[in-house]
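The values are calculated or read from the model by the stated rules, or taken from the named source; none is laboratory data. None of the values given here were measured: they were computed from a predicted structure. Here the Cβ positions follow ideal geometry from the backbone for every residue, glycine too, while neighbour counts run over all protein chains shown.
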Amino acid sequence: MQNFIDKLQSSLKEGSFVKLTLSKPVGTRLIAYVGTRLIASVQGQSIEELRNVYVKPIILKNEKMYSFTYRYERRDETKNYDAEQTLEVITELLSGIFLNASLFTLTEDVTLLVSKKGKATVMCKAVKEQREQNVQHDKVKNRLINTDNPWWFKLGLTTREGKVTADMQHKFKQICKYVEIVDGVMKNVKFDGKIRIADMGAGKGYLTFALYEYLTQKCKYDIMMEGVEIRPDLVVKINEIIKESNLKDFRFVESSIESFGCGCQQTMPKVQSSEFKVQSQLDVLIALHACNTATDDAIIKGIKSGAKLIICAPCCHKQIRQEMEKSKVVDPITRYGIFLERQAVMITDAIRALIMEYYGYKTQVMEFIEMEHTPKNILLVGRKSDAPVDKESILKQIEELKKQYGIERHYLERIFD
Ligand SMILES: C[S@@+](CC[C@H](N)C(=O)[O-])C[C@H]1O[C@@H](n2cnc3c(N)ncnc32)[C@H](O)[C@@H]1O
């Protein structure tokens, strides 16, 4: 153990420290902080299980510091220490809290394995390739969003000083990833004039504000943003924040997705009809984690209003799962409950993607954010295209999927009625 601590100390002293990971916690230990100090086995505090600790060097106010990411079951917490405190905290974490540690330096990789009986083994491996230290600060990396903007405090994401609170770290990661993806997608779409965006099932508005901020402040787009939300209390609160922040062309509308007016055609042509034209009243349709078939209602709105872009992150795929359960089709995969659940998710979204393709949307399925932050991590992105579509083949694929899993009707098929 002392051998490992010595190696850590010299890497901090010589400036060759690249990163360190602590893993294999010793069961459920009680962990808490007193000031910046982490202490174990403290009774009577709000405490949860620590899974890993990741340490990397950063530059803070021109000084080299070490950023510790404490990974708990459902959230991350970050703390920054100088070299001396870093050594102290890691030594403490290795005294009965974590059994394994991996230290990466510019010249060697050092692994520490401690057995349950307390026997420590250290393994060293020289580094052959040229290694670099990454000393960027997170705030620089996540520059798409400026957490100093006052609405982030009002929305409850940050402290008054613009620091993301510990509880909101995972939401912030999701926000940054979302903006990064939408940024990439929107760059490939040609918009004329003011861009009208509707965010259906906008909830507390974090993602709506993030996109509004990014598009207006960073991209200088001329946009009209509407958050559609069924809960009146949220709508009132968010509209107050918008007003206080003096954000123009941005509002929340109290409405169900189904009855939100975005200039959609009321009826769509039957499946058999070859072509249809819609008057575009909406440029971008967004629906993130809109529950169950609310995602389908949003897709219908997007297609009917001729949106150039449809972006949705589906949520709780109950409708198809219930149909699959009811049909009792026995399949080597879906006979297992967990697989049935996962298959229902995939079939629900695969049919959504096919129907979007049917209406001329080039559709991609991408990972929204790593599973560890939210299990609802799939993003369906459809870009309107003029390319010809083999509608017959798409309908056949939908029918085959439904037949295979005993599904009578996907909710989104109501767009064909
Ligand atoms: C899980 S939250 C997601 C919020 C936000 N889009 C996000 O991803 O952080 C879903 C929101 O959609 C709203 N919602 C659900 N069904 C709706 C419907 N049919 N019409 C309008 N809003 C709806 C709920 O009230 C809730 O605030």
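Of the residues that make up region 64-75, is at least one in the same structural domain as Ser23 (by TED's automatic domain parsing), part of a helix (DSSP H, G or I), within 18 Å of Pro25 (Cβ to Cβ) and among the polar types (S, T, N, Q)? No, region 64-75 contains no residue that is in the same structural domain as Ser23 (by TED's automatic domain parsing), part of a helix (DSSP H, G or I), within 18 Å of Pro25 (Cβ to Cβ) and among the polar types (S, T, N, Q).
Taken as a whole, region 335-351 holds no residue that is touching a Lys or Arg at 6+ places or on another chain (Cβ under 9 Å), among the small types (Gly, Ala, Ser) and on the phi > 0 side of the Ramachandran plot.
Within the span defined as region 163-171, one or more residues are free of Cβ contacts under 8 Å to residues at least 40 places away in the same chain, within 13 Å of the ligand (Cβ to nearest atom), among the aliphatic types (A, V, I, L, M) and farther than 24 Å from Val253 by Cα. Taking region 216-253 as the range and being within 9 Å of the ligand (Cβ to nearest atom) and either assigned to a strand (DSSP E or B) or closer than 17 Å to Met186 by Cβ (or both) as the test, the residues that pass are Gly227, Val228, Glu229. Taking the numbered list (1) without any contact (Cβ under 8 Å) to a residue 60 or more places away in the chain; (2) within 15 Å of the ligand (Cβ to nearest atom); (3) farther than 30 Å from Gln281 by Cα; (4) touching a Lys or Arg at 6+ places or on another chain (Cβ under 8 Å) in turn, Thr147 passes all entries but (2). Does region 91-113 hold any residues that are within 30 Å of the chain's Cα centre (by Cα) and not aliphatic (A, V, I, L, M), and which are they? Those that are within 30 Å of the chain's Cα centre (by Cα) and not aliphatic (A, V, I, L, M): Phe98, Asn100, Ser102, Phe104. Look at Val164 and say whether it is assigned by TED's automatic domain parsing to the domain that holds Ile230 and out of contact with any strand residue (DSSP E or B) (no Cβ under 6 Å at 6 or more places or on another chain). So Val164 fails the test. Note on region 191-209: residues that are of a type in the set (A, V, I, L, M, F, W, C), away from the ligand (no atom under 11 Å from the Cβ) and surrounded by fewer than 23 Cβ atoms within 10 Å (Cβ to Cβ) total 2. Checking each residue in region 325-351 for being under 23 Å from Thr295 (Cα atoms), touching a residue at least 12 places away in the same chain (Cβ under 8 Å) and of a type in the set (Lys, Arg) picks out only Lys326.
Quick check on region 86-97. Is at least one of its residues in contact with a Ser or Thr (Cβ under 9 Å, 6 or more places away or on another chain) and at pLDDT 90 or above? Within region 86-97 (the criterion being in contact with a Ser or Thr (Cβ under 9 Å, 6 or more places away or on another chain) and at pLDDT 90 or above), the answer is yes, since at least one residue qualifies. Within region 286-299, residues that are within 13 Å of Lys318 (Cβ to Cβ) have Cβ atoms under 7 Å from residues that are assigned to a strand (DSSP E or B) and more than 8 Å from the ligand (Cβ to nearest atom) in these pairs: Thr295/Cys312, counting only partners at least 6 apart in sequence or on another chain. Just so you know, in region 16-49 the residues that are in contact with a helix residue (DSSP H, G or I) (Cβ under 9 Å, 6 or more places away or on another chain) and modelled with pLDDT of 75 or more include one that is nearest to Ser115 (Cα to Cα), and it is Leu22.
Considering only region 231-248, I want to know if a residue exists there that is crowded, with 19+ Cβ neighbours inside 10 Å, at pLDDT 90 or above and in contact with a Leu (Cβ under 6 Å, 6 or more places away or on another chain). No: region 231-248 contains no residue that is crowded, with 19+ Cβ neighbours inside 10 Å, at pLDDT 90 or above and in contact with a Leu (Cβ under 6 Å, 6 or more places away or on another chain). Quick check: anything in region 368-391 in contact (Cβ under 8 Å) with a residue 60 or more places away in the chain, touching a Gly at 6+ places or on another chain (Cβ under 7 Å) and assigned by TED's automatic domain parsing to the domain that holds Ile300? Yes, because at least one residue in region 368-391 is in contact (Cβ under 8 Å) with a residue 60 or more places away in the chain, touching a Gly at 6+ places or on another chain (Cβ under 7 Å) and assigned by TED's automatic domain parsing to the domain that holds Ile300.
Scan the helices (runs of 4 or more DSSP H) fully inside region 100-215 and keep the ones with 1 or more residues being modelled with pLDDT of 90 or more. Qualifying helices (runs of 4 or more DSSP H): 150-154, 169-186, 206-213.
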